[in-house]
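This report refers to the structure that appears directly beneath it.
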Amino acid sequence: MKTKKKHLFLFIFLIIIGLLGCTRHIKPLKFDIDSSTIPNFHGKMPIDVIVPESADKEYLVEYTDPEKTGTAKIYVDLNDLYKNAKELIEMELSRHGINSSQSAEKQIKFTITKAQWEVWAGGFSIGAYLEFDIETKDGYKAHYRVQDGSSMDVSRAVGGTVSRAVEKIFQDDQIIKYLEG
């Protein structure tokens, strides 16, 4: 029994040391979206999915509590997040019979405005938040904040927020109306 407690303490200690006071550059993973959270829709016209190009390669994923000093500095290449978002958006459009085309008259623009992370469950889980804007060519604009978590790593949590963001986009009634119109 003492050995298990010792190992648990060591595990927690290593997690805390790993999260505090270091700098990490993460590679966000891409996860499938949960299609069951998205209403059924169909469109006829192709869509141009626009994400920023040549975005910040060392974007700081802020720790949620700026008062806490000594937390790890987490950086991500925004181009990786945008690539994942664009692929997921286009994949979901395709599932609903909508083609993607750079020359399409209709456009959807996805822009990340903030990424954050924090420790959950006393170090047994990492949470991440993503704030983003979604905009259509006809002038509709919405701002959202989504969250995801991982018991494994901050890169998994940050990567998961992109999937949650894409789900949120396709739950927006105005976006669906735009796609179907």
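ILE98 is checked against (1) in a strand (DSSP E or B); (2) farther than 11 Å from VAL49 by Cα; (3) of a type in the set (A, V, I, L, M) and fails just one. What number does that condition carry?
(1)
Going through region 119-152 one residue at a time, which ones are closer than 18 Å to THR71 by Cβ, small (Gly, Ala, Ser) and modelled with pLDDT of 90 or more?
GLY127, ALA128
Is it the case that GLY122 is exposed (fewer than 14 other Cβ atoms within 10 Å of the Cβ) and in a helix (DSSP H, G or I)?
So GLY122 fits the description; yes.
Looking only at region 70-93, filter to residues that are of a type in the set (S, T, N, Q) and at pLDDT 95 or above; which one of those is nearest to ILE26 (Cα to Cα)?
Only one residue fits best here, namely ASN79.
Would you mind telling me which numbered condition in (1) part of a loop (DSSP other than H, G, I, E, B); (2) modelled with pLDDT under 95 SER155 fails?
Of everything listed in (1) part of a loop (DSSP other than H, G, I, E, B); (2) modelled with pLDDT under 95, SER155 misses just condition (1).
If we keep just the residues of region 156-181 that are surrounded by fewer than 22 Cβ atoms within 10 Å (Cβ to Cβ) and of a type in the set (Ser, Thr, Tyr), which is nearest to PRO28 (Cα to Cα)?
Filtering region 156-181 for residues that are surrounded by fewer than 22 Cβ atoms within 10 Å (Cβ to Cβ) and of a type in the set (Ser, Thr, Tyr), the one nearest to PRO28 (Cα to Cα) comes out as SER163.
Taking region 18-65 only, how many residues are surrounded by fewer than 17 Cβ atoms within 10 Å (Cβ to Cβ), closer than 20 Å to SER125 by Cβ and among the aliphatic types (A, V, I, L, M)?
Summing the residues that are surrounded by fewer than 17 Cβ atoms within 10 Å (Cβ to Cβ), closer than 20 Å to SER125 by Cβ and among the aliphatic types (A, V, I, L, M) in region 18-65 gives 1.
The values are calculated or read from the model by the stated rules, or taken from the named source; none is laboratory data. All of these numbers come straight from a predicted model, not from anything done at the bench. All Cβ positions, glycine included, derive from the backbone under ideal geometry; neighbour counts span all protein chains shown.
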